[in-house]
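*Asks:* Here's a structure for you.
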Amino acid sequence: MERNTLWKCEIMNGQRVICPFFVVIILLLPGCLSTDPISNQENEEQVIELNVWHSFAAESKEQATFESKISAFMAFNPGVEVQISAIPYPEADQQFMIAAQGGEAPDLVRLSSDQLGKIGDIRVGGQPLLEDLRSHLTPIDRSKFDPRALNAMRYEGDLLGIPASQDCLSLLYNPILFDSAGIEYPNENWTLDDLLIAATDLTSGDVNGLALPVKNAYWWFGFQAGFGGSLFDQNGTPTLDSNGSAEAMDWVLNLELEHGVVETGTQTESMKTQFLSSKAAMIVDGPWNWATYEAGRIPIQQVMLPTVSETGERVAPLVTYKGWSVSKQSLNKEWATRLALYLSSSEVQKEFAIETYTMPTHIDLYEDTEISENVVISGFLDQLMEGTPAPTTRAMAMVYDPLVTAFENVYAGEMNSSEALSLADAALESDLEGLS
C-alpha cells in the first residue's frame, strides 16, 4: 500500500482501484488488534536479561548500595531485567573462568585488576573470556577516570574492565589507647622508627601496640617499596629479591618475632578482632573495614604510613582496583556495558564513597567537597596517591604462591630472607616460563 492512503491497492496490471471494503475486512481479521496475544509475546521477547556477578560481602553496606543501584537502573530501563548473584571475592576469577569455559559466563562480573591479569591470557575456542571495551567507550567516557585506574584495567592493550573503585592499606589507630598511655598520636612525619617506638610503649598486658598479619605478602608489598625494592622491573621481570626487599621482610616479621609488638599468629581476621576489642592500639588496614570498626564504637582515626629513614621513601602500599567486566560470551554486550558504566559513574561512585568509604576513581570526585571534606575518604585518597599501582599482569596474579613459601621459611627460621626471596623469585620466573 502507498504511504499516503489506505484506500488504494495494487493489482497485477499496475492499475489502482479503491478498496475500502477490503481494508475494513483486513482490519477485522484476527491478529490485527494491539491486544492480540502475539503482539504481547513480541513485546516480551524484547526484554533484555542481564546476569551480573558481584563480590560484595554478604549483608554489607556495599551489597545494599549495589542492590539499590541495580534497582534504580532497572527502573530507568524498564525493558531490562537484571539477575544478580553473589560470589566470594577471592574466588571470583576462578569461578568466572570455570563458568566461561562451560559456556555459562555472566554478562557482567566484578573483578579486581590482578584478577584480570590471571584471566587475560585464557582462551575458549580461540576467543578471550572478556570483551575489549575500547570500542564501547568514547574518549569522553575514558577521560572521566583517573588514568592510573583506567590503565590498571588494561591487559596487553585491551581494556578488560571499567574501574569502579580503588583501595590500599593505611595506618589506623585508636586514640583512646594513645591517651591512656600518654603517647602522641601518629602523624604523617612519622618514620618506621617512630612507629616501632610507639608500638613498643603501647604494648602492655593484653594490649599490643600494632596488629597486622606479618606473614601476609600483601601487607609486605608497601614496606618493600619503602625500603627501595620492587616486585618487577620495567620489563615485567620478577625482582622479588631486589635491593631492600629482604630488609623489608625482616622488619615486618620482627614486629612479632623480635619486638613482640604484634600478637603471635595474627591473621587478617584476628587482627580485626584485636582492634575491635581494643587489644591493639594500631592496625594496618584498608577502608573496607572502617564501617565495621565504627559499628564497634572504636573512635578510629587514620594517618598515612610512615617513611623509611634509610631510604627517605614512604611505605607505599599496593593500590588495587576493582571494576566491571563484560563477558565475551554475553549476548547483550551493549546493555552490559551500559550497566557497567552506570555502576562506575560519578553518581554511583559518590554514593559508595559516602555510604561505604569506597575510594572513587572518577577524577571529578577528587575535588567534590563532600569527598574532600570527609576525613576518612580524603585521608585514604592521600595514601592512595603515595601508593604503588598493582601491575595488571599474569605475573602479578601468580606472585603470591612463591611468597607464601618464602615467608613461612623465614618465619620458621629455616633460611634467611635473602635466600628465601631469591628462591621465590626463581620459582616465579620458572612458573612464567612454563606458560610460554
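The values are calculated or read from the model by the stated rules, or taken from the named source; none is laboratory data. Please read these numbers as outputs of a predicted model, since none were measured by experiment. FYI the Cβ positions are ideal-geometry reconstructions off the backbone, even for glycines, and counts take in every protein chain you see. When the accessible area is computed, the model is the full protein with side chains, heavy atoms only, and any ligands, DNA or RNA have been set aside. Shrake-Rupley method; radii C 1.70, N 1.55, O 1.52, S 1.80 Å.
*Asks:* Tell me the residue from Asp382, Asp401 that is of a type outside the set (Ser, Thr, Tyr), closer than 30 Å to Glu156 by Cα, out of contact with any helix residue (DSSP H, G or I) (no Cβ under 7 Å at 6 or more places or on another chain) and touching a residue at least 60 places away in the same chain (Cβ under 8 Å), please.
*Replies:* The conditions single out Asp382.
*Asks:* Of the residues Ile162, Ile176, Ile197, only one is crowded, with 16+ Cβ neighbours inside 10 Å and not acidic (Asp, Glu); which?
*Replies:* Ile162
*Asks:* Okay, moving on. Here are the criteria: (1) open to solvent by 10 Å² or more (accessible area, probe 1.4 Å); (2) part of a loop (DSSP other than H, G, I, E, B); (3) under 19 Å from Glu419 (Cα atoms). Tell me which single one Gln234 does not satisfy.
*Replies:* Only one criterion is unmet by Gln234, namely (3).
*Asks:* Here's another thing I want to ask about it. Give the residues of segment 152-165 that are under 14 Å from the mean Cα position of the chain (by Cα) and under 14 Å from Gln115 (Cα atoms), sorted by residue number.
*Replies:* Ala152, Met153, Arg154, Leu160, Gly161, Ile162, Pro163
*Asks:* From Glu184, Glu156, which residue is at pLDDT below 95 and not basic (Lys, Arg)?
*Replies:* Only one candidate qualifies: Glu156.
*Asks:* Then there is this: Cβ-Cβ distance below 7 Å, separation of 6 or more or different chains: which pairs start in segment 326-339 with a residue that is modelled with pLDDT of 95 or more and end on one that is hydroxyl-bearing (Ser, Thr, Tyr) and part of a helix (DSSP H, G or I)?
*Replies:* Final answer for the pair search is Val326/Thr337.
*Asks:* Could you count how many residues in segment 366-379 are in contact with a helix residue (DSSP H, G or I) (Cβ under 8 Å, 6 or more places away or on another chain), part of a helix (DSSP H, G or I) and not charged (D, E, K, R)?
*Replies:* 6
*Asks:* Among the residues of segment 339-372, write down those that are within 19 Å of the chain's Cα centre (by Cα) and surrounded by fewer than 20 Cβ atoms within 10 Å (Cβ to Cβ).
*Replies:* Residues satisfying the conditions are Leu341, Tyr342, Ser345, Ser346, Glu347, Lys350, Glu351, Ile354, Glu355, Ile363, Tyr366.
*Asks:* Out of curiosity, is Gln234 over 19 Å from Pro402 (Cβ atoms), out of contact with any Cys (no Cβ under 8 Å at 6 or more places or on another chain) and modelled with pLDDT under 95?
*Replies:* Yes.
*Asks:* OK, next. Of all residues in segment 385-396 being assigned to a helix (DSSP H, G or I) and in contact (Cβ under 8 Å) with a residue 60 or more places away in the chain, which is nearest to Gln301 (Cα to Cα)?
*Replies:* Met396
*Asks:* I'm trying to understand the selection: among the residues of segment 146-168, which are in contact with a helix residue (DSSP H, G or I) (Cβ under 8 Å, 6 or more places away or on another chain), hydrophobic (A, V, I, L, M, F, W, C) and either more than 15 Å from Ser344 (Cα to Cα) or in a helix (DSSP H, G or I) (or both)?
*Replies:* Within segment 146-168, Leu150, Ala152, Cys168 qualify.
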